[in-house]
Amino acid sequence: MRPIGLIVGILLALSLPVRAQSIEVGKQALEKKDYAAALEQWRPLAENGNPEAQNGLGVLYANGLGVAKSPTEAAAWYRKAAEQGHVDAQVALGRAYANGTGVAQNPTEAAQWFRKAAEQGDARAEHLLGGAYGSAFGVPRNITEALKWFRKAAEQGYAEAQNDLAVAYMSGSGVAKNPGEAVSWFRKAAEQGSAQAQNNLGLAYAEGIGVGKEPAAAALWFRKAAEQGNAAAQENLGQALVHGNGVRKDLEEAVSWFRKSAEQGRADAQYMLGGAYLLGKGTAPDIAEFARWNRLAADQGHPGAEFSMGVAYEQGAGVKPDPVQAYLWYSLASLQGHAPARKNLEVLAPKLSAAQRAEAEQQAKDWKPGPRS
């Protein structure tokens, strides 16, 4: 016969509510930013092999939520879930391999995980796999395959894929060139808020490609993208404001947008901002700022900026006069077909000694531009 106390204890225990771990409770805690509670819910489940909980732990470790940030630990949990077919974890693990985050960078592994998720119909993975085929990242370059996966994602409404599919139609890359079809896909993505597509749609309206030429519509889409921080759109909106294309001419606002774009490294905007400082258009003239912004553009290989740097060094505008540097920058611009630079080079050459010309020519030969933005 069992002791009465033991029986009573068992009955009381059975009558008490059981605090079971729950995926949903963990998700609710995450939404409330109660990361410790999410961790408490998910860890036991994850350790028992629950893929949803394992993916959840990956998210917590990847972002340092309720735990010390650890890309390595995140990747380990993503792998456990991914190997059980969890789509979000497969995408996350693929990105980890693509970027070398928490694991050694391995494009082949990245593409394999993207494929696993894409074959389950995940639009993000379809787009990423398409990008891998388009850029030969972990798989051989195959534009047909790239477009196949872009289209799958685009037809699910994935904005980035819609934009990339539109770019293919606009350029005729892997498909028959069809600007009208391109504009249709750009619009679908733009209406979802894709800044890149908004800028591209703006360009279509500005140039009348695939749609009627409408400067006001172009400026509208440029502004939408610019306000999201798209550097190309910020520059394009600045250009519209300079020339009054589709908007009221406003040089001060144009300079404001050129600055935003230039600060993101866009060479054309840096050149325009430098010109504004040189001429005092839309801002107070400042020859030092002209030289600073113009040099940033020239360092990216912008031919107009290279020419301007040649003039600056020849005349001492914002920099110390230096005929060798002037010859160098005129040479670089001339190599890109800049006619005024070639003319100035011919005028300057007789003024330099043979040693000075040889020095400038060697610098020009050795010079490599930075990546163009």
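The values are calculated or read from the model by the stated rules, or taken from the named source; none is laboratory data. Note that this is a predicted model, so its numbers are computed, not measured. As a convention, Cβ positions derive from the backbone with ideal geometry for all residues, glycine included, and neighbour counts pool all protein chains shown. SASA here: full protein model, heavy atoms, side chains in, ligands and nucleic acids out. Shrake-Rupley method; radii C 1.70, N 1.55, O 1.52, S 1.80 Å.
Some notes on this structure:
- Surface per residue (accessible, 1.4 Å probe) for the chain, Å²: 50
- Its relative contact order, with pairs defined as Cα atoms under 8 Å and 6+ residues apart, puts the chain at 5 percent.
- Over the range 165-236, Cα pairs under 8 Å with separation of 6+ residues give a relative contact order of 22 percent.
- Shape call, the range 130-259: gyration tensor on alpha carbons, a/c limit 1.5: prolate
- Computed label-point distance, nm, for sites residue 281 and residue 69 using a 7 Å Cα→Cβ extension: 4.3
- Efficiency of FRET from Cβ geometry, residue 315 and residue 171, R₀ 41 Å, rounded to 0.05: 0.50
- Alpha carbon Rg of the chain, scaled by the compact-globule rule 2.2 N^0.38 Å: 1.39
- Computed over the range 66-192, the ratio Rg/Rh where both radii use C-alpha atoms and Rh is Kirkwood: 1.05
- Only one residue of 63, 81, 255 has its Cα farthest out toward the positive end of the dipole of the chain, where Lys and Arg carry +1 and Asp and Glu -1 on Cβ, and that residue is 81.
- Spatially proximal lysines relative to residue 148 (Cα-Cα < 23 Å; intrachain offsets below 8 disregarded): 116, 177, 188
- Most mobile listed residue (327, 277, 35) in the chain, GNM with C-alpha springs under 10 Å: 35
- Sulfur and carbon atoms: percent of accessible area, the range 37-141 [1.4 Å]: 47
- Considering only 159, 348, 41, and ranking their Cα positions along the charge dipole of the chain that arises from unit charges at the beta-carbon of Lys, Arg, Asp and Glu, the one farthest toward the positive end is 41.
- The charge dipole of the chain, taken about its Cα centre with unit charges on the Cβ atoms of Lys, Arg (+1), Asp and Glu (-1) only, comes to about 140 debye.
- The listed peptides 313-319, 224-230, 185-191, 62-68, ordered by packing as a protection proxy, come out as 185-191, 224-230, 313-319, 62-68 (highest mean of other Cβ atoms within 10 Å first).
- Per residue, the chain reaches -21500 deg cm²/dmol at 222 nm when only DSSP H runs of four or more residues are counted, each adding -39500 (n - 2.57).
- Choice from 91, 25, 175 with maximal GNM fluctuation in the chain (Cα, 10 Å cutoff): 25
- Gained length - residue 22 relative to residue 104, 0.36 nm times residue gap less alpha-carbon distance: 26.2 nm
- The range 107-211: relative contact order as a whole-number percent, Cα under 8 Å and 6+ apart: 17
- Sites residue 214 and residue 156 - FRET efficiency at Förster radius 22 Å, r taken between beta-carbons, to 0.05: 0.15
- Given their separation in residues at 0.36 nm each and the Cα-Cα distance between them, residue 250 and residue 363 gain 36.6 nm when the chain is fully extended.
- The stretch between residue 40 and residue 120 holds 25.8 nm of extra length on full extension. This uses 0.36 nm per residue minus the Cα-Cα distance.
- Assigned charges on the beta-carbon of Lys, Arg, Asp, Glu; the range 237-308 dipole about Cα centre (debye): 120
- For a modelled paramagnetic label at residue 322, 7 Å from Cα along Cα-to-Cβ, the residues of the range 249-292 in reach, with backbone nitrogen under 19 Å, are 287-292.
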